[in-house]
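Asker: Following this message is one structure expressed as C-alpha cells.
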Amino acid sequence: MSDLGARFIMRVNKKPLPVELFMDLLTVAVSALRGERREIPPDAERCLEDLPPNTLYAKDIPTNQMAFAIISECKSRIPTDHEEASDTSFSFMFRWFAFQKEKLAGTLQEFTKSGDEPDTEMINPAVFEVAANCKLSSKDGGFDETFIPRIRELIARNLEES
C-alpha cells in the first residue's frame, strides 16, 4: 500500500464511530444511493457547458451523491468543528468501502439472506455494528482479521441475551 493509502488507513483507525452515528449515516448513505437525497444538482441545472475546458467536477452518480450527502450530514451534525466533521465523514466512507469489499468477496454471505422484495438482501445488523469501529487493514484497506470473528461473537451474544 502506498504511503498515502497507509496514512488514510491510520486516519480512519484513529476515528472509530459510535454505532448509533454509524447507523444514522448508513441511513443517509442508502437514501442518497436510492436517489432520495440529492446533494449534487442534476447536470442540467449546473450549466456544465459553461465551464472552462479541463474543469474538474463531480458527476451526478449515486456514489458521489452518497459521499456529498455524508459530508453534508456530518457538517450539519458537527457545525462548530470542521476537522471533526471531516474525520467523521472520512471514517464512514472508508468503512463503507471496506464493507463493500467484504460483500463483493462473499465473506458476508453467512450474515445475509434474501429480502422480501426482488433483488433485495437483508444483512444482520451485527455486521454494521462491528463495521462502525473495526480497524481497517493497512495491507488492503479492508477490515482487519477481527471483523468476521467479532460479528459472530456479537450475534452469539445477542442470541444469548434474547
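Asker: Within the stretch 24-33, identify whether any single residue is farther than 25 Å from Asp140 by Cβ, more than 14 Å from the chain's Cα centre (by Cα), at pLDDT 90 or above and loosely packed, with under 15 Cβ neighbours inside 10 Å, and answer yes or no.
Answerer: no
Asker: Between a residue in the stretch 81-108 that is among the aromatic types (Phe, Trp, Tyr) and any residue that is assigned to a helix (DSSP H, G or I) and crowded, with 17+ Cβ neighbours inside 10 Å, which pairs come within a Cβ distance under 7 Å, given they are 6 or more apart or on different chains?
Answerer: Between residues of the stretch 81-108 that are among the aromatic types (Phe, Trp, Tyr) and residues that are assigned to a helix (DSSP H, G or I) and crowded, with 17+ Cβ neighbours inside 10 Å, the close pairs are Phe90/Val12; Phe92/Phe22; Phe92/Leu25; Phe92/Ile70; Phe94/Phe8; Phe94/Val12; Trp96/Ala29; Phe99/Ala131.
Asker: Looking at Phe92 and the list (1) touching a strand residue (DSSP E or B) at 6+ places or on another chain (Cβ under 9 Å); (2) surrounded by 11 or more Cβ atoms within 10 Å (Cβ to Cβ), which single condition is not satisfied?
Answerer: (1)
Asker: I've got another one for you. Between a residue in the stretch 31-45 that is assigned to a loop (DSSP other than H, G, I, E, B) and any residue that is of a type in the set (S, T, N, Q) and at pLDDT 90 or above, which pairs come within a Cβ distance under 8 Å, given they are 6 or more apart or on different chains?
Answerer: Gly35/Gln65; Arg37/Ser31; Arg37/Gln65; Arg38/Gln65; Glu39/Gln65; Glu39/Ser72; Ile40/Asn64; Ile40/Gln65
Asker: Is it true that some residue in the stretch 16-28 is touching a residue at least 40 places away in the same chain (Cβ under 8 Å), in contact with a Ser or Thr (Cβ under 9 Å, 6 or more places away or on another chain) and not hydrophobic (A, V, I, L, M, F, W, C)?
Answerer: Yes: one or more hits.
Asker: State all residues of the stretch 95-104 that are within 9 Å of the chain's Cα centre (by Cα) and buried (at least 17 other Cβ atoms within 10 Å of the Cβ); if no residue qualifies, say none. Spell out the reasoning first.
Answerer: Taking the stretch 95-104 first, the residues within 9 Å of the chain's Cα centre (by Cα) are 95-100.
The answer is Arg95, Trp96, Ala98, Phe99.
Asker: Of everything in the stretch 105-134 that's in contact with an Asp or Glu (Cβ under 7 Å, 6 or more places away or on another chain) and surrounded by 15 or more Cβ atoms within 10 Å (Cβ to Cβ), which residue is farthest from Val19 (Cα to Cα)?
Answerer: Leu108
Asker: While we're on this one: More than 13 Å from the chain's Cα centre (by Cα), aliphatic (A, V, I, L, M) and crowded, with 18+ Cβ neighbours inside 10 Å: does that describe Leu154? Steps first, answer last, please.
Answerer: Numbers: more than 13 Å from the chain's Cα centre (by Cα): yes; aliphatic (A, V, I, L, M): yes; crowded, with 18+ Cβ neighbours inside 10 Å: no.
The answer is no for Leu154.
The values are calculated or read from the model by the stated rules, or taken from the named source; none is laboratory data. Here the structure is a predicted model, which is why all the values come from computation and not from measurement. Neighbour counts are summed over all protein chains in view; Cβ atoms, including those assigned to glycine, are modelled from backbone coordinates with ideal geometry.
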